[in-house]
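See structure below.
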Amino acid sequence: MSEFQHAKNKICYIVTIPVTVRAFFIPQLKFLARHGYDVSVICSDDCKLQQELGADIHYIPINIPRGLSLLGSLHAIKDLHNIIKKGRFDLVQYSTPNAAFCASIASKLAGIKVRNYHLMGFRYLGATGIGRIILKIIEKISCTFSTSIECVSQSNLELGIQENLFPREKAVVVWNGSTGGVDLSRFDCSKRNEWRQQIRSELGYGEDDFVFGFVGRITRDKGINEILEAFSACKSEAKLLLVGAEEGLDTLDQTLLQNARQDPNIQFHHPVSDVERYYAAIDILLLPSYREGFGNVIIEAAAVGTPAIVSNIPGPIDAIEKDKTAYVIPPKDVAALTAAMKKSMIKSNGLSSEYCANFASEKFDSKKLCKKIFDRKRKLLYGNG
């Protein structure tokens, strides 16, 4: 019998969309199922997800609205309540704001004793006016109906307490934080040079080119305006590669965007399934974001030896070691970002590929995190006994 084996308990993970399951949870779901838990997943319909989860994990498709929708949320709460009550789960865990709101209420009404909110960040921080007030109220309700809260970073935990969303005794950070850690068999630094040569050849970069990179949604809140303005201000022959979905182009400064489209040193690239190869191809990852839950791209890039420049905000500051794996700058500060980018192009910049890889391996190995998550689930179900 496995050292983790125990009496079978029923656990249900709930998120809004399948991409969240794919991006963060499949390794830990399979670990929990392999070591004695009866695991179910609830999210919107996807014809391929069951195959990816495997036969040992139950997949229940249900529609949970992504935006603000009172009627849609009421329907989702009703459907979730029926499923949760019928499933008789010992523990229900939910992530992402809408899923957390609906699932926390539904699982409370269904009498679930362990309601665990896996808190990946605060959506309301990116809103203004009445929208911000409504989103913060939703967050407060989710936290109130939860019996425990797992924050993906210590700084977000402190922010949640400061914002009066939950008391300190209700929240924890599992191990060193992050949602799912880094799969070191995929983000393998030993392949850095091989991947670097391949991708640079495909994209038309030379080995001696200095390449800044961004990976994520191309939208204002990720600091794209600042990246484009700072890159222009650097006045160098460096390259800039932006990899991600262009779903927020309307939020950007259109003059900056138009100029970037015409700049031969800037490339916009569609999202990729082999992002680890692209991390290896760039010299510095840029994430001057306005808000983040954690910033998984930072530790993924570090695992393949790529340091970063990040905003001094909750989340990213827990994913780096200052001036060794990343430079830290104030958010929305173009001058500071420009200076950090210029500094990073100097050979004696203090940032080390080897140090980055070791840091990610020691702090965020997904295999080690899976064991920590297992221990956490066991504590939630059985206490310290």
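Across the stretch 235-385, the fraction of Cα-Cα pairs farther apart than 27 Å, rounded to a whole number, is 30%.
Across q = 0.06, 0.08 Å⁻¹, the chain modelled as identical point scatterers on its alpha-carbon atoms has Debye log10 I(q)/I(0) values of -0.24, -0.43, in the order of the q list.
Overall, the chain carries a charge dipole of about 1560 debye about its Cα centre when +1 sits on the Cβ of Lys and Arg and -1 on the Cβ of Asp and Glu, all other atoms neutral. Qualifying GluC sites (Glu not before Pro) in the stretch 195-246, where qualification requires a DSSP coil assignment and no more than 12 other C-beta atoms within 10 Å, comprise E207, E237. Multiplying the residue separation of K235 and K368 by 0.36 nm and subtracting their alpha-carbon distance yields 43.6 nm.
The trypsin sites (Lys or Arg not before Pro) of the stretch 244-351 meeting both criteria, a DSSP state outside H, G, I, E and B (loop) and at most 12 other C-beta atoms within 10 angstrom of the site's C-beta, are K347. Above 12 Å, the calculated P(r) of the stretch 320-385 contains 76 percent of its Cα-Cα pairs. Between the alpha-carbon centres of the stretch 52-93 and the stretch 302-343 there is a gap of 38 Å. Legend: residue pairs K136/K368; K108/K372; K108/K367; K140/K367, Cα-Cα distance threshold 30 Å; pairs beyond threshold, K136/K368; K108/K367; K140/K367.
All other residues whose Cβ lies under 10 angstrom from that of T144 are scored, Lys and Arg at +1 and Asp and Glu at -1, for a net of +2. Here the 3J(HN,Hα) profile of the stretch 13-24, calculated from phi with Karplus coefficients 6.51, -1.76 and 1.60 at θ = phi - 60°, is 9, 10, 9, 7, 10, x, 4, 5, 4, 5, 6, 10 Hz, Gly and Pro shown as x. Here the translational diffusion coefficient of the stretch 49-204 follows from Stokes-Einstein with Rh set to the Kirkwood radius across Cα pairs; for 25 °C and 0.890 mPa s it amounts to 138 µm²/s. G248 sits among other residues whose Cβ lies under 13 Å from its own Cβ, and their net charge, with Lys and Arg +1 and Asp and Glu -1, is -2. Report summary: the helix-based calculation at 222 nm, which adds -39500 (n - 2.57) for every DSSP H run with n ≥ 4 and divides by the residues of the chain, gives -12500 deg cm²/dmol. Fewest-first ordering of R196, R123, R168 by other beta carbons within 10 Å of each residue's beta carbon gives R168, R123, R196.
For the chain, the membrane-span-like helix rule (DSSP H, alpha carbon extent of at least 24 Å along the helix axis, mean Kyte-Doolittle at least -0.5) picks out 70-87, 129-145; this says nothing about an actual membrane. The residue list F364, I309, T255 was ranked by how far each Cα lies along the charge dipole of the stretch 189-364 toward its positive end, using unit charges on Cβ atoms, and I309 comes out on top. Residues considered: Q51, Q267, Q93. Largest GNM mean-square fluctuation over the chain, using C-alpha springs under 10 Å, is found at Q51.
Taking a straight line from the alpha carbon of K239, these lysines sit under 21 Å away, with near neighbours fewer than eight places off in the same chain left out: K222, K342, K343, K347. Taking Cα centre as origin and charging only the Cβ of basic (Lys, Arg, +1) and acidic (Asp, Glu, -1) residues, the dipole magnitude of the stretch 224-349 rounds to 460 debye. Work out the count of Lys pairs in the stretch 1-92 where the Cα-Cα distance is under 23 Å, with the pair 8 or more places apart or on different chains. For the stretch 1-92, qualifying lysine pairs total 10. For the pair L74 and V19, label points projected 7 Å from Cα toward Cβ lie 3.0 nm apart. For S44, neighbours were defined as the other residues whose beta-carbon sits under 15 Å from its Cβ, and their charges (Lys and Arg +1, Asp and Glu -1) total -1.
Read-outs throughout are calculated quantities, based only on the coordinates presented, and are distinct from any laboratory measurement. These numbers were taken from a predicted model, which means no experiment stands behind them. Cβ atoms come from the backbone with ideal geometry, glycine included; neighbour counts cover every protein chain shown.
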